[in-house]
Amino acid sequence: MKLNPFRRERRAKVAIRHFAYFNARVLAMRAKLLPKETYPKFLQMGIPELARSLGESEYKVAIEQLGPKYRGVDLVEFSLNRNLATTFHGLIEKAQGELQSLLMDYMRYYDLENITTALRGKLSGISDEDVEEAIIPAGSLTDAQLKRLIEASYDDTMEILRKMGYDEAVDLITDLPLPEVEDHLIKMYYANLLEKTSGGSKNMKMFHHFISIDIDFMNLINFLRLKRDGTPPTKVMEYMMPGGAQLPHKKLKELAGLDMEEILTRIEGLAYFREHQGALTGEKDSLTALEASLLKFQLNYAVREARQNPLSILVVLSYILAKRVEVANIRNIVRGKEGDLPTELIRKQLVL
């Protein structure tokens, strides 16, 4: 039965109003992200002072909750995880309809991270309590499901994963190292996202395109790491994700046979970088700085697309990416300080 045109128009108006209201709240949240000037200050602080500074920001609740139990790097790390989960769950709860469904599908990435974190804990003998603090419950799995996954024996964990629909991954665990199983899970995740968003509404198509761009940048970073390590071209391609927007497998295969300098020159011809010629080739001697540059380009590209489509899903997707970058920056600083890395080396890892 066809929907009455008046009802269809009314639904469209309701959807637009919801996006306007939801995106206004997202923009307010974006305004609370740490300004770029914060990171040079963090670089000059010790870890306890940095934790106190975070306790005066949006991370206050997590810092206060975990402060009696943890100190130093652990306090910062676990607080970052808790704040990230709270923030992303809050977005899902505020969203409605198709938007909520798309965000839930997108956040299932954290289900995969949590599953592999639980498995690493079991394989390395880490306590259930510490694994639980390292979990980021921002995906579709409930706290109860995650707790059961963490506390179960290894064999029971395999059975739980089968019931969750991860039969293929369980079969692979017996034959492959965990990182390769994780790579397989991520490929499944992106393939499912691309399939679910291959048609439909304008927001569905924008989401599909955003995921394709995400795949491009993830492939680029993994591609350059593998090339740096001297991985043969055929092996490099085994780790590449299908579905990129500007870097289909055919183009990646062509790049795999080139040296690093030629690869970077070709990459700079992509639309992502055309306004910044020389930015990547100038970083060719430092893969750490190059990866930070790629993340910065991805973030700037997402923000620019969101500004051009202010009533679209791109606004919240660009915020999610910005929030992830903020957490990654703080994490790199505290880990670098814990490892006594030179300040300049830590700075090169930051997306500023």
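None of the figures in this text is laboratory data; all of them are computed from the coordinates on show. Remember, predicted model here, so these are calculated numbers, not experimental data. Note that we place each Cβ from the backbone using ideal geometry, even for glycine, and neighbour counts take in every protein chain shown.
Compute the label zone of R324 within the range 163-203: residues whose backbone N is under 20 Å from the point 7 Å along Cα-to-Cβ.
Within reach of a label on R324: 179-198, 203.
Taking the Cα centre of the chain as the origin, how large is its charge dipole in debye, to the nearest 20, when only Lys and Arg (+1) and Asp and Glu (-1) carry charge on their Cβ atoms?
Dipole about the Cα centre, nearest 20: 2040 debye.
Could you name the aspartates and glutamates in cross-link range of K122, using Cα to Cα under 14 Å and dropping any fewer than eight places away on the same chain?
Partners within reach: D130, E132, E151, D155, D156.
Need the full-extension length gain, E58 to Q44, defined as separation in residues times 0.36 nm minus the C-alpha distance. One decimal, nm.
3.0 nm
Dipole of the range 28-179, Cα-centred, from +1 at each Lys and Arg C-beta and -1 at each Asp and Glu C-beta, to the nearest 20 debye?
Values: 17 positive and 26 negative charges, 153 e Å.
I would put it at about 740 debye.
Given axes a ≥ b ≥ c from the Cα gyration tensor, I'd like to know whether the range 7-156 is rounded (a/c under 1.5), prolate (a/b larger than b/c) or oblate. Don't skip to the end; give the middle numbers.
Numbers: a/c = 3.03, a/b = 1.25, b/c = 2.42.
Note, shape of the range 7-156 comes out oblate.
Using a 7 Å offset from the Cα along the Cα-to-Cβ direction at both L27 and E93, what is the distance between the two label points in nm, to one decimal?
With each label point 7 Å from Cα toward Cβ, the separation is 2.4 nm.
With point charges of +1 on the Cβ of Lys and Arg and -1 on the Cβ of Asp and Glu, referenced to the Cα centre of the range 200-312, which listed residue (M206, T265, N300) lies farthest in the positive direction of the dipole?
Positive-end residue among those listed: M206.
How far apart, in nm, are the 7 Å Cα→Cβ label points at E261 and K187?
3.4 nm
Would you calculate, for the chain, the mean residue ellipticity at 222 nm contributed by helices, counting each DSSP H stretch of 4 or more residues as -39,500 (n - 2.57) and dividing by all residues, to the nearest 500?
Working: 19 runs with 251 residues, N = 352.
Per the formula, -22500 deg cm²/dmol.
Rounded to two decimals, what is Rg over Rh for the chain when you use alpha-carbon atoms and the Kirkwood radius? Walk me through the numbers before you get to the answer.
On the way: Rg = 21.2 Å, Rh = 22.1 Å.
Reported Rg/Rh, Kirkwood definition of Rh: 0.96.
Hey, how many Å between the Cα centroid of the range 284-352 and the Cα centroid of the range 147-214?
Going from one Cα centre to the other spans 24 Å.
Is the C-alpha gyration tensor of the range 157-233 telling us rounded, prolate or oblate? Criteria: a/c under 1.5 is rounded; beyond that, a/b larger than b/c is prolate, otherwise oblate. Working shown, then result.
On the way: a/c = 3.72, a/b = 1.12, b/c = 3.32.
Oblate.
Anything over 24 Å Cα to Cα? Flag those among K196/K227; K36/K227; K227/K253; K94/K163; K251/K323, in the order listed.
Numbers: K196/K227 32 Å; K36/K227 31 Å; K227/K253 12 Å; K94/K163 29 Å; K251/K323 31 Å.
Over 24 Å apart, Cα to Cα: K196/K227; K36/K227; K94/K163; K251/K323.
For the peptides 310-316, 236-242, what is the packing order when you average, over each peptide's residues, the other Cβ atoms within 10 Å and list the highest mean first?
Numbers: 310-316: 20.9, 236-242: 17.0.
Going from most to least packed, we get 310-316, 236-242.
Could you tell me which residue out of A256, F217, T231 lies farthest along the dipole of the range 200-312 toward its positive end? Charges go on the beta carbon: Lys and Arg +1, Asp and Glu -1, centred on the Cα centre.
Ranked along the dipole, the leading option is F217.
For the range 200-312, what class follows from the C-alpha gyration tensor (a ≥ b ≥ c being the square roots of its eigenvalues): rounded when a/c is under 1.5, otherwise prolate if a/b is larger than b/c, else oblate?
Taking the square roots of the gyration eigenvalues as a ≥ b ≥ c, the range 200-312 is oblate.
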